[in-house]
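This report concerns only the one structure given below.
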């Protein structure tokens, strides 16, 4: 079920009413309702995939219980390994089977040995990468004794499948989300109202910014050979806004929806395009995944404790794995590698934690240096996005070589004024609200209600009058 | 919770009022479809020739140029799928119907759904597209059937029409026909021509419906003949500059398909596709204007008279 669909528009109020008015007296009933609603939400795509998520949840629940019953290190390690093998095994099969098959076939052909292997027609279950990482965080944390294993099967299953963030995150830690299923939720007016605002902003980002930018990004990327460098720059910028509007929009809707049910999800985006260097960008972009890799991969690999070279090696590993997590294609791996490469000078100069505050804090405008830093960071990430969006590496390289050619100075073949106008307005609003959790946070504002309402009506009107053609959220494929 | 529901209610009231106003407006407005179906029903006993097709026929077949009583049931983007269902729904009431003119364009066999127009046609003609459910579109014409974007565009056009001294098209349909006035110069530039050709190329390239639609048309022709009604295929011209940009393979396939229908059913085909050289006959690069519609409708009438004799 898509957030920007009629089905969800009916589903959400129905679940909300049942949750707060029918099953509100018992915590267990509320959790059970969330579980059922989550399975309906997920099964709307394809009910057969429910078996996967139920199996994964069962395995990790039982492993959690088993971990609580043994202190033997070997047994505990075995249990953890089993969980990792099952979860990564599913992910590997559904997402990477054909990729490895083709890569091996290509490698053998390259060395003069022709082998034939048949591709399988595998349909990737929606959101498998997200819930796999979420449930893995549980077993790892239980293994490390950071978290008490749960004996509440409904709470655990609801945690794994919690519908607002099930298919595209934020990837929640068991330590943050699971305990929220044990505590009686109280309805909080401010939290719910702010949740609705965040949902509205998420819809604006998705429908007006991402879907409109997607239209032109798709045209330009699909026929990139026909366009000049200047148009290709536009295409890359459109894609940068498409993926940001799409993914952060989804996160906003997920976080906002959770708040309506009394849950707090972690922040996933913190105005990343205002970052002054690539390290800051990665502290602000897809935070739940970056911190997941930090906690469960980078630190176990030794983190930065083993000196500069160890730090560099580990950074490259997590960026490349992160790229591979996004999809079974070499383009994602190169995208990850490129980002690691951007990181390198900052690490060598030990400047990867310089910009940890909010840019131009307590000022309306950034200074020239900050503007330049923001532009350079945005340009670097946009270049990397070309690999992310391209069909294959050759396509990306040809695309970039055309950008850095004389045709860059030609007039673009088309210049969609309306989309560019919306992007500019969007950036301005985000800039003005960059010290908040999200751009529509008006918690302590003195703005009168009618002005705020007028602004919300305007956003709704823009969504319905100028929204792009409905497209699936990009991150569903991951 | 009470405070939340109260705030939500206050917020929703203006939206509900806007919805109500537009729902009433859209459900009562005299759409082109409504005008066409009303005209068809009112002339059940008189109609002898029924013209079908998409906007090329809607703007291109002028019933006033025919000697026999003719009615135009073509509409913007109308597919063969709907041509057939509209005709068969009313055929038993059309007592004097003798000829059905079926528009056979470059892309006719390559689509059956008209997108959002399926719902508009359902509203006014009560014909559904395949097994598409229209339940929610029945619930709200404003939010779903027409969508706010199209509603606003309809209202905007209506307002602008009042201030426009030289409208680009007729305000009301004439025997189902909607004439366009004048020409849009920008449409005939090389870029405009290529854009339109690309549109048709995309339509045919991205479609896998040809065989299904051909079989459906085959069946339509058979059913008409069983009822002693003569089906005639026709193709109105697009501007001559468009044709070189069309994918040759599909142009050839279309000719083959037309030939198949002609020989299979022994029917007539009026092909005017190579007659689109005079720009003054066109409103834009693929639609005739009033002058062009009169010109080609007269030609069709002459051809029809030959059939009569």
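Every number in this text was worked out from the coordinates using simple rules, so none of it is lab data. Predicted model, so just to flag it, every value in this text is computed and none were measured. Don't worry about glycine lacking a Cβ; one is built from the backbone with ideal geometry, like all the others, and counts go over all protein chains shown.
General observations
- Shown for A:102, A:430: other C-beta atoms within 10 Å of each C-beta, ranked fewest to most, produce the order A:102, A:430.
- Normalised by the number of residues in the stretch B:166-309, the average gap of Cα pairs under 8 Å and 6 or more apart makes the relative contact order 32 percent.
- Spin-label model distance (nm) - residue B:251 vs residue A:393, 7 Å beyond Cα toward Cβ: 4.3 nm
- Length-normalised contact order for chain A - Cα pairs under 8 Å, 6+ apart - percent: 19 percent
- Ranked by the mean number of other Cβ atoms within 10 Å of their residues, highest first, the peptides A:203-209, A:28-34, A:442-448 fall in the order A:203-209, A:28-34, A:442-448.
- Using the alpha-carbon positions of the stretch A:364-475, Rg (one decimal) and Dmax (whole number) come out as 18.6, 54 Å.
- Computed across the protein assembly as shown, the Kirkwood hydrodynamic radius from all distinct Cα-Cα pairs reaches 30.3 Å.
- Among the residues of A:385-396, the average count of other protein chain beta-carbon atoms within 10 Å of the residue beta-carbon is 0.
- Computed over every Cα-Cα pair of chain B and binned at 10 Å starting from 0, the pair-distance distribution P(r) comes out as 6, 24, 33, 23, 8, 3, 2, 0, 0 percent.
- Likely footprinting exposure, B:98, A:389, fewest C-beta neighbours within 10 Å first: B:98, A:389
- Inter-probe distance in nm under a simple model that places probes 7 Å from Cα toward Cβ, at residue B:191 and residue B:274: 3.3 nm
- Looking at the protein assembly as shown, the DSSP beta bridges with both ends there are about 20 percent antiparallel.
- For residue A:226 and residue A:75, the difference between the fully extended length at 0.36 nm per residue and the C-alpha to C-alpha distance is 48.3 nm.
- The residues A:407, B:186, B:55, when put in order of fewest to most other Cβ atoms within 10 Å, stand as B:186, A:407, B:55.
- Extension gain from residue A:7 to residue A:351, taking 0.36 nm per residue of separation minus the Cα-Cα distance: 119.1 nm
- Percent antiparallel among DSSP beta bridges (both partners in chain B, rounded to 5): 20 percent
- Modelled FRET efficiency - R0 51 Å, residue A:301 with residue A:365, Cβ distances, 0.05 increments: 0.80
- Semi-axis lengths (Å, descending) of the ellipsoid that matches the C-alpha gyration tensor of the stretch B:157-231: 34, 24, 11
- Taking the stretch A:97-177 and dividing mean pair separation by its residue count, relative contact order in percent (alpha carbons under 8 Å, at least six apart): 32 percent
- Just checking the listed ones, B:253, B:65, B:223: in the Gaussian network model of chain B with Cα springs under 10 Å, the one fluctuating most is B:253.
- Alpha-carbon geometry of the stretch A:144-299: the Rg and the Dmax are 18.5, 61 Å, given in that order.
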